[in-house]
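Asks: One structure coming up, written as structure tokens, with questions to follow.
The values are calculated or read from the model by the stated rules, or taken from the named source; none is laboratory data. Small disclaimer: the values here were computed from a predicted structure and weren't measured. No Cβ is skipped: glycine too gets one built from the backbone with ideal geometry, and neighbour counts run over all protein chains shown.
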Amino acid sequence: MMNTNFFEDVYDVVRLIPKGRATSYGAIANFLGSKISARMVGWAMNAAHSENDNIPAQRVVNRIGLLTGKMHFATPTTMQELLEADGLIVENDQIKNFKELFWDPAIELEI
DNA sequence: TTTTTGACGATTC
DNA sequence: AGAATCGCCAAAA
């Protein structure tokens, strides 16, 4: 398998997201380098579907904590189910207290 | 090769 | 405050 660069990088960061926390596409993009845009992270996650790797994509949401990618899971409710299984509270397709549980790799991994 | 399309984000109207 | 638009950059058609 080839090193599909940012795909691998994105997967690695996503796997590092601790349980009960969540991050945003933009945060990952920013952490990997301002070269890539948040959209590429979304693309990477889309490709992650083809991968056999366990990618907790449910912990990656957009900047406001909205479950924009829920439709890409097995069922539109899978993402919310997984997040709730992590102890998060999802209401109206949006993560509650997202600001508090926001996990920014650029900060958390820096320390 | 050119065009279209995104699991986004920030800005402008 | 809500809606519309532009910018990012790579992959699929």
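Asks: Has region A:5-12 got at least one residue that is surrounded by 15 or more Cβ atoms within 10 Å (Cβ to Cβ) and among the hydroxyl-bearing types (Ser, Thr, Tyr)?
Replies: Scanning region A:5-12, I find at least one residue that is surrounded by 15 or more Cβ atoms within 10 Å (Cβ to Cβ) and among the hydroxyl-bearing types (Ser, Thr, Tyr), so the answer is yes.
Asks: Filter region A:37-69 for residues that are within 11 Å of DNA strand C (Cβ to nearest atom) and within 10 Å of residue A:11 (Cβ to Cβ); which is modelled with the highest pLDDT?
Replies: A:44
Asks: For residue A:24, indicate whether it is of a type in the set (Ser, Thr, Tyr), closer than 23 Å to residue A:109 by Cβ and without any contact (Cβ under 8 Å) to a residue 12 or more places away in the chain. Spell out the reasoning first.
Replies: Working: of a type in the set (Ser, Thr, Tyr): yes; closer than 23 Å to residue A:109 by Cβ: yes; without any contact (Cβ under 8 Å) to a residue 12 or more places away in the chain: no.
For residue A:24, the condition - of a type in the set (Ser, Thr, Tyr), closer than 23 Å to residue A:109 by Cβ and without any contact (Cβ under 8 Å) to a residue 12 or more places away in the chain - is not met.
Asks: While we're on this one: So, in region A:17-43, how many residues would count as being closer than 21 Å to residue A:86 by Cβ, crowded, with 16+ Cβ neighbours inside 10 Å and either more than 7 Å from DNA strand B (Cβ to nearest atom) or among the β-branched types (Val, Ile, Thr) (or both)?
Replies: 7
Asks: OK, next. Which one is nearest to residue A:12 (Cα to Cα) among residues in region A:70-91 that are in contact (Cβ under 8 Å) with a residue 24 or more places away in the chain and surrounded by fewer than 16 Cβ atoms within 10 Å (Cβ to Cβ)?
Replies: So the first thing to find is which residues in region A:70-91 are in contact (Cβ under 8 Å) with a residue 24 or more places away in the chain, and the list is A:72, A:82-83, A:86-88.
Applying the additional criterion that residues be surrounded by fewer than 16 Cβ atoms within 10 Å (Cβ to Cβ) yields A:72, A:87.
Values: A:72: 20, A:87: 22 Å.
Selected residue: A:72.
Asks: Hey, any hits in region A:93-107 for a residue that's polar (S, T, N, Q), out of contact with any strand residue (DSSP E or B) (no Cβ under 7 Å at 6 or more places or on another chain), on the phi > 0 side of the Ramachandran plot and not in a loop (DSSP other than H, G, I, E, B)? Give the steps one after another, and end with the answer.
Replies: First, pick out the residues of region A:93-107 that are polar (S, T, N, Q): A:94, A:97.
Keeping just the survivors that are out of contact with any strand residue (DSSP E or B) (no Cβ under 7 Å at 6 or more places or on another chain) gives A:97.
Right, trim to on the phi > 0 side of the Ramachandran plot and you get A:97.
If we keep only those that are not in a loop (DSSP other than H, G, I, E, B) as well, we get none.
No - not one qualifying residue is present in region A:93-107.
Asks: Related question: Any residue at all in region A:49-62 that is among the hydroxyl-bearing types (Ser, Thr, Tyr), in a helix (DSSP H, G or I) and more than 20 Å from residue A:100 (Cβ to Cβ)?
Replies: Filtering region A:49-62 down to residues among the hydroxyl-bearing types (Ser, Thr, Tyr) leaves A:50.
Keeping just the survivors that are in a helix (DSSP H, G or I) gives none.
No - not one qualifying residue is present in region A:49-62.
Asks: Within region A:12-21, work out how many residues are more than 15 Å from residue A:69 (Cβ to Cβ) and either free of Cβ contacts under 8 Å to residues at least 60 places away in the same chain or within 14 Å of DNA strand C (Cβ to nearest atom) (or both).
Replies: Looking only at region A:12-21, we keep the residues that are more than 15 Å from residue A:69 (Cβ to Cβ), and these are A:12-13, A:15-16, A:18-21.
From what's left, either free of Cβ contacts under 8 Å to residues at least 60 places away in the same chain or within 14 Å of DNA strand C (Cβ to nearest atom) (or both): A:12, A:15.
Residues in region A:12-21 being more than 15 Å from residue A:69 (Cβ to Cβ) and either free of Cβ contacts under 8 Å to residues at least 60 places away in the same chain or within 14 Å of DNA strand C (Cβ to nearest atom) (or both): 2 in total.
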